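Here is the structure we will look at, set down as structure tokens.
The values are calculated or read from the model by the stated rules, or taken from the named source; none is laboratory data. None of the values given here were measured: they were computed from a predicted structure. Cβ sites come from the backbone with ideal geometry, for glycine too, and all protein chains shown count toward neighbours. Calculation scope for accessible area: heavy atoms of the full protein, side chains included, ligands and nucleic acids excluded. Shrake-Rupley method; radii C 1.70, N 1.55, O 1.52, S 1.80 Å.
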Amino acid sequence: MRFIFLIVLSIVFIWNSAQGQISEGGFPVGITTLKSAEVPVIEMPAFNPGVNKSLAEQDISSENRLKPFKFAHTFEVNMSPANSGNWFINIEGHNIWKLKIRSAGAKSLNLIFDNFRLPQNARLFLYNEKENYYLGAFSSVNNKASGKFAVSPVAGDEITIQYEVPATLGTPDNFEIIRVNHDYVGILKSERRPLGITAGACNVDINCEIGDNWNELKNSVCRLIVDGREICSGTLINNTSEDEKPYIISAAHCYDEWDYAETTVYTFNYESPYCAPLDGDPSNSISGALMKAQFDSLDFALVELSLVPPPSFRPYYAGWDRSSNLPDSAVSIHHPQGDIKKIAFENDPVVHSNFNSKYTQNGFIKVPKWDDGVTEVGSSGGPLFNTDKNIIGTLTGGAAVCDNPVNDFYSRFDMQWDYKSDSSKQLKFWLDPVKSGVETVFGKLYNTDDDLCKAFTNLTDYDEHSNVVLKSSGEFSGYWGGTNGAGITEFVERFYIPGNETLDGVSIGVGKIDLQSGGEDSKITVNVYNGKKLPETLIYSKVVSINTFAEDAMNYIQFDEFFEPADTFFVGFGLTGIQPQDTFVIYQSLRKEADAVNQFYFKLNDEWNNFKASNEDNNAIVNVMELVACNYDDQINDTQVVEIPETVWIYPNPTYGNLTLASDQKIVPETISVYNTIGQEVGVNIINAGDYRVKINLKGKTPGVYFVRFNYSDTFVTRKFSFVPR
């Protein structure tokens, strides 16, 4: 089951992209040879973003103000392979359609598709070569009954669409671009947000100590990018059948049209790893949902996601209370200004109230004054929890801002339940499918055993991240967390997680990137070691291009193989491929207290050193890292996942047609399976089979990333490879 889970998890894999999106990975065919070919460019009309910002800021102190966050201007268009772009015929066995869209001054661009019906073996990419930012490949797997399809933003003010089909299909017309959204704010972490765009300073980061009691429930709250132009908040919610149906509850005013649910991107775990305003990684995203119920006068909407959030998203299904009882205190978790996840506390009773004359009278819960934190635009749809941690309302709007955190209004869950008898305007039909009649359903974590995942960090509320300078003889010599002139080549963080956990990936806080070389050849190697006092045995390694990282933000690196470390282990990176003129630094927190715990170890002259024992001031350091581990419960005694043997090889990788599997143990051909990155098994031909070496042929398969799985003694091993036909 662990194998299937990790294969399915790869549906959020992106090539050279920070954004999580359902795709199959890979790279556009013939991208180099086509650079000189004529690609039509469509320029969007000029507009004044200041007008949009001014409108968004109107009535900022109004008690009746709604709280969505608009970040983009929409151009309605009609572009398709039939009426735009150019076809390039029979290039490497494909017919390729390309179109470039440019909108001057955009921080990012995103597209909304309609009539999206890709045939088998067709692939669609969206990218900006200047920003080295790629999304895709999208394929027939992304087809939906509605024909709608939304993608995450691509950095920069231009976007290239490349559509590849087998030459035998001719030049089909399989989609239509109906909206181009121009981001005038800058919501991507690949470009640091302008001052004033992030949430107000009074907001409380979700991972501050004050929010520790909400650590499980926080994973139910997600950020919504609605139709590519507006940001709201929402909550994954439980139902009485407890069948993991992925319902998200939010505000009706976030969805101007019923079908906007289908063109919304839902992002989980977008947060700082600790109590500090450090930009999160938005890779845990799902595109598209179906609207189930919506009622304007009570301002709520319920949608069903296009897929169940995978275990690495750590999904938690929030509970609810449909009684009319009001708590003595309340909490809200949300994404103000579309920023990383925050939490707000009202320590006094809340009351029933009106919002304004356009809405159902007495249909709201009023928060008189926030004691810690606040809500802002972007918080719309966010949940209000009672003291039992159950949802009792969803945010509509109000006057609360940092300078005056008063009078926010939440639509009453108890009235959303069955105020209207129409199933499309009530929650009862969807959240009580077994007709139990209960007033309360508690939240639930459905993933267990191998699928139970959690984020781990050594950071505390008392840490403060920075680029920690390294000095030699009193002179600047680089950084303790990256490039330096002292000869340090590797940097790791010590973790202690007892049990049979397997590691899914690590998120690192990148503090500085300066690629004077252009960055094409600069890489780091992410390593995992077993060891007690110092790193000892290397158990995993992965090379990552530096130009795929975003500065001043968390960056998630997903591991490609399955392995189980010891209880004490070390995770970090080596500067094995970085160019001399380039700079790469991760954030660290320097701890100067006498009893400070050190978690940082470095390699100098091929020897590992404990930082605290290596500096005269006896300071300690913790790296800004967050590790995602699964099956972490130390009470679990199921079959352990074995480390990948060093005596298993696959070659050549990448392969151009044939792939050889070799091992020191006998390989049983019947156990060989090949999967694409969305978990589908792909049939292959075995063309040569020996006891210890088997050759398989990939002729006719779609170019991209695959996993091969086969037996190793009494267990299995899995390896990742790329198929790149000549």
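Scanning the stretch 616-627 for residues that are open to solvent by less than 30 Å² (accessible area, probe 1.4 Å) and either more than 24 Å from ARG314 (Cα to Cα) or at pLDDT below 90 (or both) returns ASN619, ALA620, ILE621, VAL622.
Take the conditions (1) at pLDDT below 85; (2) over 29 Å from the mean Cα position of the chain (by Cα); VAL724 misses just one of them, which is (2).
Each row is one residue, and each column tells you yes or no for (1) open to solvent by 30 Å² or more (accessible area, probe 1.4 Å); (2) in contact with a helix residue (DSSP H, G or I) (Cβ under 8 Å, 6 or more places away or on another chain); (3) modelled with pLDDT of 95 or more.
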{"position": "PHE559", "(1), (2), (3)": "no, no, no"}
{"position": "PHE569", "(1), (2), (3)": "no, no, yes"}
{"position": "VAL585", "(1), (2), (3)": "no, no, yes"}
{"position": "GLN588", "(1), (2), (3)": "no, no, yes"}
{"position": "PHE602", "(1), (2), (3)": "no, yes, yes"}
{"position": "PHE611", "(1), (2), (3)": "no, no, yes"}
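Residues that are open to solvent by less than 40 Å² (accessible area, probe 1.4 Å) and assigned to a loop (DSSP other than H, G, I, E, B) were ranked within the stretch 685-726; the one that is farthest from VAL543 (Cα to Cα) is GLY690. For the stretch 77-127, a residue qualifies if it is aromatic (Phe, Trp, Tyr), in contact with a helix residue (DSSP H, G or I) (Cβ under 9 Å, 6 or more places away or on another chain) and in a strand (DSSP E or B), and exactly one does: PHE113. Applying a threshold of 9 Å to beta carbon distances and a minimum spacing of six or more residues, or different chains, the list of pairs starting in the stretch 116-139 at a residue that is under 19 Å from THR168 (Cβ atoms) and ending at one that is part of a strand (DSSP E or B) and basic (Lys, Arg) reads ALA137/ARG123; SER139/ARG123.
Number of residues in the stretch 658-672 that are in contact with a Lys or Arg (Cβ under 7 Å, 6 or more places away or on another chain) and open to solvent by 20 Å² or more (accessible area, probe 1.4 Å) equals 1.
Yes or no: THR32 modelled with pLDDT of 80 or more and not aliphatic (A, V, I, L, M)?
Answer is no for this residue.
Among residues of the stretch 515-544 that are over 15 Å from TYR496 (Cα atoms) and modelled with pLDDT of 95 or more, those with a Cβ under 6 angstrom from a residue that is outside any loop (DSSP other than H, G, I, E, B) and among the basic types (Lys, Arg), sequence gap 6+ or separate chain, pair up as VAL526/LYS542. For the stretch 172-188, the candidate set comprises residues that are at pLDDT 95 or above and either over 24 Å from the mean Cα position of the chain (by Cα) or of a type in the set (Asp, Glu) (or both); within that set, the residue that is most open to solvent (accessible area, probe 1.4 Å) is ASP173.
Screening the stretch 283-337 for strands (runs of 3 or more DSSP E) wholly inside it with 1 or more residues that are at pLDDT below 95, open to solvent by less than 10 Å² (accessible area, probe 1.4 Å) and more than 27 Å from SER146 (Cα to Cα) returns no ranges.
Find the strands (runs of 3 or more DSSP E) located wholly in the stretch 230-272 whose residues include 3 or more that are touching a His at 6+ places or on another chain (Cβ under 9 Å), and list them.
On the way: elements: 230-237, 247-250, 264-268.
Correct list: 230-237.
Among the residues making up the stretch 520-557, a single one is in contact with a helix residue (DSSP H, G or I) (Cβ under 7 Å, 6 or more places away or on another chain) and among the hydrophobic types (A, V, I, L, M, F, W, C): ILE524. Counting only residues that are among the hydrophobic types (A, V, I, L, M, F, W, C) and farther than 24 Å from LEU445 by Cβ, which one in the stretch 243-264 is most open to solvent (accessible area, probe 1.4 Å)? Among residues in the stretch 243-264 that are among the hydrophobic types (A, V, I, L, M, F, W, C) and farther than 24 Å from LEU445 by Cβ, the one most open to solvent (accessible area, probe 1.4 Å) is TRP258.
Which one is surrounded by the most Cβ atoms within 10 Å (Cβ to Cβ) among residues in the stretch 77-101 that are in contact with a strand residue (DSSP E or B) (Cβ under 7 Å, 6 or more places away or on another chain) and charged (D, E, K, R)?
We begin by selecting, within the stretch 77-101, every residue in contact with a strand residue (DSSP E or B) (Cβ under 7 Å, 6 or more places away or on another chain); these are 77-81, 84-89, 93-101.
Still in the running and charged (D, E, K, R): 98, 100.
Numbers: LYS98: 22, LYS100: 17.
Of everything passing the filter in the stretch 77-101, LYS98 is surrounded by the most Cβ atoms within 10 Å (Cβ to Cβ).
Counting only strands (runs of 3 or more DSSP E) that sit completely within the stretch 363-426, those holding 1 or more residues that are open to solvent by 20 Å² or more (accessible area, probe 1.4 Å) correspond to 364-369, 406-412.
On the stretch given as the stretch 545-576, residues that are under 19 Å from ILE497 (Cα atoms) and either of a type in the set (Ser, Thr, Tyr) or free of Cβ contacts under 8 Å to residues at least 24 places away in the same chain (or both) total 1.
Anything in the stretch 391-401 that is under 16 Å from ASN347 (Cα atoms) and in contact (Cβ under 8 Å) with a residue 40 or more places away in the chain? List them, or say none. Lay out the reasoning, then the answer.
First, the residues of the stretch 391-401 that are under 16 Å from ASN347 (Cα atoms): 392, 400.
Passing the criteria: only ILE392.
Suppose the filter is part of a helix (DSSP H, G or I) and among the β-branched types (Val, Ile, Thr); does ILE210 pass it? Reasoning before the result, please.
Working: part of a helix (DSSP H, G or I): yes; among the β-branched types (Val, Ile, Thr): yes.
The answer is yes for ILE210.
One residue is enough: does the stretch 514-525 have a residue meeting the conditions small (Gly, Ala, Ser), surrounded by fewer than 21 Cβ atoms within 10 Å (Cβ to Cβ) and in contact with a Pro (Cβ under 9 Å, 6 or more places away or on another chain)? There is at least one residue in the stretch 514-525 that is small (Gly, Ala, Ser), surrounded by fewer than 21 Cβ atoms within 10 Å (Cβ to Cβ) and in contact with a Pro (Cβ under 9 Å, 6 or more places away or on another chain).
Hey, GLY437 hits all of (1) open to solvent by less than 50 Å² (accessible area, probe 1.4 Å); (2) touching a strand residue (DSSP E or B) at 6+ places or on another chain (Cβ under 9 Å); (3) assigned to a loop (DSSP other than H, G, I, E, B) but one; which does it fall short on? Answer for GLY437: the failing condition is (2).
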